[in-house]
Amino acid sequence: MATYSKHKKAKPTKPSKSFPLTAHNNGQWCKKIRGKIHFFGTWENPQAALDAYLRVAANLHAGRQPRQPSLCGDDITVKNVCNNYLTYQQSKVEAGEISPQWFDDCSRTVRDFARFFGVGRIVDDIRPADFEQYRQKLLHRGISGQTGLGVYALDRSVVIVKAIFNHAYDVELIDNPVRFGKSFQRSSSKSKRKSRSKNQIQNGKRLCELSEARALIKASQVPLQAMILLGLNAGFGNADCAGLPITAIDFKKAVIEFPRPKTGIDRVVPLWPETYTALKQAIASRPKPAEAEFENLVFLTAQGKPWVRYHISQVGDGRIQTVNRSDAVGKHFNKLLVQLGLKRKGVGFYTLRHTFRTLADEVRDQHAIHRIMGHVIPGMSGVYVERISLERLRAVADHVHATLFASE
């Protein structure tokens, strides 16, 4: 921007007759292109202004948005690619394409990556060995710098870091793809199996025993009881319960049918009699919605708000600063586990989803199980299978019900 003084300076004459720019009253050289005035530099340095114009002239005259000079060529830095990626991810949050929680995961990984490499590091200077060093850092010190990441958290960080540079290449911030090397990869299947086995030895399986599941149902009150039943009846998770709309429940057919909030994949859930009754009670006793947008939700807290919410704080320019998740489902379920003496590491509300899937697997109708849980039907079957009969879905739900309440 031009620096203003108390005494207005006279406009300078053009350095030559062929000079394409005009002196503007604000102290800069400018040119009107396609009905819009563009500025290129101050009166004091006409050559720099001309150079700036020539760099973008072809794009401007063609009606294209030129690349920013600071974000192209050999000067692109870690800060440039990280900021651009976060801006892109924020736009996806605002459009509802990704959850605020995923954005928060991305943001924490991006900040950690930038601290490790240095925000001023030139991208062209980063080599595969540097990425391997960062992967080792994640393994031993993690994101916080204190505890190494497990295999699944490590994989998430690797995916996010690669996405930063793939995005930069796709939007032409960098001219060539980044080489990550052979070592900067997600964990092998063998590593995941070993990690899962180790966790099971230390903490036990993420599974409710049948007696524990029955105890949770009996000891809980509506609306938590309805959520627990949905977890065991259909593998509902915390966000699935919190986002369940009343209009998704067909009480005549005793069926829930709506896309899973996390994935947008269609799911159809035949309801057990216990789940049907608990849902009726939850709707009849729910508090008054705090806002009109919550009117259609089955479950509301005592304050009339969703049981799972995101609190987003923003800086002055609108960028997301922090994302905090409020999960009343997990909080109340954990209290119940403690009350019943069932609390142990690795066991939470999502354990109910593991329990449903384990019992449902005995039916050996994988496509029906996927449809109930809101999973993608794998392979070409996902393309060609248009409908799964309600009878097949009920067979899965009935088997889980019969197994769960067999000894009662």
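Summary of values
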{"quantity": "Lone qualifier among Gly237, Gly231, Gly243 - being farther than 22 Å from Leu210 by Cβ and not aromatic (Phe, Trp, Tyr)", "calculated": "Gly243"}
{"quantity": "Residues (basic (Lys, Arg) and within 19 Å of Val400 (Cα to Cα)) located in region 254-282", "calculated": "Arg267"}
{"quantity": "Criterion (more than 18 Å from Ser183 (Cα to Cα) and assigned to a loop (DSSP other than H, G, I, E, B)) met by exactly one of Thr87, Thr109, Thr147", "calculated": "Thr147"}
{"quantity": "Conditions (1) surrounded by fewer than 18 Cβ atoms within 10 Å (Cβ to Cβ); (2) in contact (Cβ under 8 Å) with a residue 24 or more places away in the chain; (3) assigned to a loop (DSSP other than H, G, I, E, B): number failed by Lys288", "calculated": "(2)"}
{"quantity": "Some residue of region 144-157 being at pLDDT 90 or above, of a type in the set (Ser, Thr, Tyr) and surrounded by 13 or more Cβ atoms within 10 Å (Cβ to Cβ)", "calculated": "yes"}
{"quantity": "Ala213 among the hydrophobic types (A, V, I, L, M, F, W, C), free of Cβ contacts under 8 Å to residues at least 24 places away in the same chain and either crowded, with 20+ Cβ neighbours inside 10 Å or in a helix (DSSP H, G or I) (or both)", "calculated": "no"}
{"quantity": "Segments classed as helices (runs of 4 or more DSSP H), wholly inside region 317-408, with at least 3 members that are surrounded by fewer than 19 Cβ atoms within 10 Å (Cβ to Cβ) and not aromatic (Phe, Trp, Tyr)", "calculated": "328-340, 351-360, 381-384, 390-404"}
{"quantity": "Some residue of region 346-358 being farther than 28 Å from Trp102 by Cα and either basic (Lys, Arg) or more than 27 Å from the chain's Cα centre (by Cα) (or both)", "calculated": "no"}
{"quantity": "Single residue of region 382-402 satisfying the filter (closer than 14 Å to Ile369 by Cβ and of a type in the set (Val, Ile, Thr)) that is modelled with the lowest pLDDT", "calculated": "Val385"}
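The values are calculated or read from the model by the stated rules, or taken from the named source; none is laboratory data. Quantities reported herein were computed from a predicted structural model and do not represent experimental measurements. When we count neighbours, we look across all protein chains shown, and the Cβ atoms used for this are built from the backbone with ideal geometry, even at glycine.
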